[in-house]
Amino acid sequence: HQSACLTQDGRFIVGIRGSEQLGDARAAEGTSARSLMVVDLVEKRTSALPAFSGPYALGPVPQTPAAIAGLSVTDASRVEVWAPAPERKLGELVGHSGAVYAIAFSPDGKRIATSGRDALRLWDAATFTEIVQLRGHTSFIWSLVFSPDGSILASGSGDRTARLWIRSK
């Protein structure tokens, strides 16, 4: 399975590449069978970031106009945030008691939302600290999306409900 996304600034194409599909030599060497490939359309180069174990999201953060957030391969409750160029880890979002199922960046790059079974959490994208936990769903929260102006966060859950979380002024 392969998927690709374009960063909000239009500079990077990011996608998961499965080595078992592409015959990547790293699989034979015993290293990760999946990698996150980053194509820099400005510099015209391709690089690889460490593989994520689950969902990932793209968005701006205060440190860079393009960032990638995804699940750590060693701990599915921890989200790592990376800059694609130069490739460097910016921070981690740590606090979920179990696996994270969805990740979303606010359009203004100030917040990152993550969700799992325990809660939906909002994080400060500059400091990678938790702002608030939003509770209400009674099952896994599978999907997250911010409205274009960032004032509403929508979540979809295995409890067969969708919730709208409206930012207070």
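The values are calculated or read from the model by the stated rules, or taken from the named source; none is laboratory data. Quantities reported herein were computed from a predicted structural model and do not represent experimental measurements. Every residue, glycine among them, receives a Cβ derived from its backbone with ideal geometry; neighbour counts consider all protein chains shown. These area figures cover heavy atoms from the full protein model, side chains too; ligands, DNA and RNA do not enter into them. Shrake-Rupley method; radii C 1.70, N 1.55, O 1.52, S 1.80 Å.
Descriptive notes on the structure:
- So residue 80, is it charged (D, E, K, R) and buried (at least 18 other Cβ atoms within 10 Å of the Cβ): yes
- Among the residues of segment 1-50, those that are modelled with pLDDT under 60, assigned to a loop (DSSP other than H, G, I, E, B) and among the polar types (S, T, N, Q) comprise 2, 31, 32.
- Condition met for residue 109 (small (Gly, Ala, Ser), within 27 Å of residue 12 (Cβ to Cβ), part of a loop (DSSP other than H, G, I, E, B) and open to solvent by less than 30 Å² (accessible area, probe 1.4 Å)): yes
- Some residue of segment 124-138 being crowded, with 20+ Cβ neighbours inside 10 Å, not hydrophobic (A, V, I, L, M, F, W, C) and not in a loop (DSSP other than H, G, I, E, B): no
- Any hit, segment 122-132, residues being touching a residue at least 60 places away in the same chain (Cβ under 8 Å) and of a type in the set (A, V, I, L, M): yes
- Annotation: of all residues in segment 147-169 being of a type in the set (Ser, Thr, Tyr) and either free of Cβ contacts under 8 Å to residues at least 40 places away in the same chain or loosely packed, with under 15 Cβ neighbours inside 10 Å (or both), the one that is nearest to residue 132 (Cα to Cα) is 168.
- For segment 77-87, the condition holds for at least one residue, the condition being that it is part of a strand (DSSP E or B) and of a type in the set (Gly, Ala, Ser).
- Between 92, 87, the distinction of being open to solvent by 50 Å² or more (accessible area, probe 1.4 Å), within 12 Å of the chain's Cα centre (by Cα) and not hydrophobic (A, V, I, L, M, F, W, C) belongs to 92 only.
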